[in-house]
Amino acid sequence: MIYINVTTPPGATVERTGRVLDAVQRVAQKLEPVESVSTLAGFSLMNDVSGASYGMGMINLKAWDQRRQSVQELMAELTAKTKGITDAQIQFFLPPTVPGFGNAGGFELRVLDRTGRGDLQQTARVTQDFITALNKTPVVDNTFSGFDPSFPQYLIHVDNDLAAKKGVTVARAMQTLQTLMGSYYATNFIRFGQMYKVMVQAAPGFRTKPDDLLNLYVKNDRGEMVPFSTFVRLERVYGPEQLTRYNMYTSALLNGDAAPGFSSGDAISTVARVAAEELPRGYTYEWSGMTREQIISGNQALYVFGIVLVFVYLLLAAQYESFALPLPVLLSLPTGIFGAFLSLKLLGLENNIYAQVSLVMLVGLLGKNAILIIEFAVQRRQEGASVLDAAVEGARSRLRPILMTSFAFVAGLIPLCLATGAGALGNRSIGTAAAGGMLIGTIFGVILIPGLYVLFSRDKKPAKEEPLSEPVLMEAEPATV
């Protein structure tokens, strides 16, 4: 699925936004991989705001076996074919990675105004300059924001003293105005086996123009109908459709994605660098959505690997009854880790959660190869062989089973490395990291492990047992009865 976000100029009507969505829909429906297109004018999927200048759409794609293009290729083609629609800003983006964390894929952050002045126009200029600087970098792509303080609006001025003289409270006046102009949910009723909502609202003919508000009435505390024009005055102003606060500061939401060939970590570091250079004094940024969760949990992988290594070390120390012999097993693992990262780099993949699962798995698989060699070498050492002879004998006797099991494992991962279709990137990441790490770790491990064993073993033969002396037979005197 691909999401569509459309923003027409401030003050545009719903019909104008609908025409833009219809044009985008006609372009999308002509593409072969597209199955259906749904559009809705008057609502922003990015900001969750209702407004005539906003529009959204969802493009449902065919199954993987019925199309050849990826989602990124389709988004690039849609962007190129909709450049001719100059009546609105059009963005195409992916759904969020985890539902509920943000409204779109990629990264999400907010520009915060900490100056305390509340100048929305200045916030908009700072945000736009920040977006321009981000889009100039080769790492970040398609950064945009729905924050725009230039929407035409009407500000309602209420004369509290005059309203009190008429017996009307401001709370009752605003509640009545909300019901008449914006609707109010009253109750439900069931008819023909279906449940329907009852919405209370003024008829369309009484709320078509802004001045119609002054012709509406509210009931005072004496049961009399008082016109709003008695204590209400309208003023034409400009402002944003929605004013949001983040950590108690006025904020502007930004969405973007990493450019092809770059990871989300590259995009996060680039945003931090550009923010330090471009944001003026009094303005800062905060991550939100899934990006914030990624940054918070970013260092957890290091703790996981540390716990894994400590657990393996303690287990081997108990098995060998030595604190030195587990070290050859652990020091042979960096070759496999290097092979995993090298494979990911060569194939253009990133270090994601799937690759990190492969690294944890490699600790066990490569450690198994080292244990096979060291275990046999320890047995030969106990039989009286020297450290060097025990290491050579262990490597020679365990070479064939190690190569057979390791190469069979790598061959089984080849389909994952060449995966296509749904979840292909995850399959490629876990398969490439595991296969590359296992291949390089095995090739270098059979050479390094015997040397590490010699390095961390004592070059001292176990003491031979002294032969027992000949038993001396002594005749016992006969016992007397």
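The values are calculated or read from the model by the stated rules, or taken from the named source; none is laboratory data. Predicted model only: the values in this text are computed from it and were never measured. FYI the Cβ positions are ideal-geometry reconstructions off the backbone, even for glycines, and counts take in every protein chain you see.
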- request: Search segment 212-227 for residues being of a type in the set (A, V, I, L, M) and touching a residue at least 24 places away in the same chain (Cβ under 8 Å), and hand back the single one that is farthest from GLN201 (Cα to Cα).
  value: VAL226
task: For segment 181-239, enumerate the residues that are among the small types (Gly, Ala, Ser) and not in a helix (DSSP H, G or I).
output: SER183, ALA186, GLY193, ALA202, ALA203, GLY223, GLY239
- prompt: Considering only segment 136-163, how many residues are among the aliphatic types (A, V, I, L, M), surrounded by 14 or more Cβ atoms within 10 Å (Cβ to Cβ) and either in contact with a Ser or Thr (Cβ under 8 Å, 6 or more places away or on another chain) or part of a helix (DSSP H, G or I) (or both)?
  reply: 3
query: Tell me, which helices (runs of 4 or more DSSP H) wholly within segment 322-423 include 2 or more residues that are among the small types (Gly, Ala, Ser)?
result: 333-346, 353-382, 387-417
task: Read through the list (1) in the same structural domain as ARG273 (by TED's automatic domain parsing); (2) touching a helix residue (DSSP H, G or I) at 6+ places or on another chain (Cβ under 7 Å); (3) at pLDDT below 85, then give the number of the only condition that GLU108 fails.
output: (3)
query: Can you find even one residue in segment 272-289 that is modelled with pLDDT under 85 and either part of a loop (DSSP other than H, G, I, E, B) or surrounded by 15 or more Cβ atoms within 10 Å (Cβ to Cβ) (or both)?
result: yes
- prompt: Can you tell me which residue in segment 258-271 is farthest from PHE92 (Cα to Cα), limited to those that are of a type outside the set (A, V, I, L, M, F, W, C) and assigned to a helix (DSSP H, G or I)?
  reply: SER269
- line: When (1) surrounded by fewer than 17 Cβ atoms within 10 Å (Cβ to Cβ); (2) in the same structural domain as ALA272 (by TED's automatic domain parsing); (3) under 22 Å from GLY261 (Cα atoms) are applied to ALA80, the one that fails is (2)
query: Here is a list of conditions, (1) crowded, with 18+ Cβ neighbours inside 10 Å; (2) under 16 Å from PHE144 (Cβ atoms), and THR17 meets all of them except one; can you say which number that is?
result: (2)
query: Would it be correct to say that SER50 is small (Gly, Ala, Ser) and under 15 Å from PHE93 (Cα atoms)?
result: no
query: Does segment 34-48 hold any residues that are on the phi < 0 side of the Ramachandran plot and modelled with pLDDT under 90, and which are they?
result: PHE43, SER44, LEU45, MET46, ASN47
- request: Could you figure out which of (1) surrounded by 13 or more Cβ atoms within 10 Å (Cβ to Cβ); (2) modelled with pLDDT of 85 or more; (3) over 30 Å from LEU254 (Cβ atoms) isn't true of ALA318?
  value: (1)
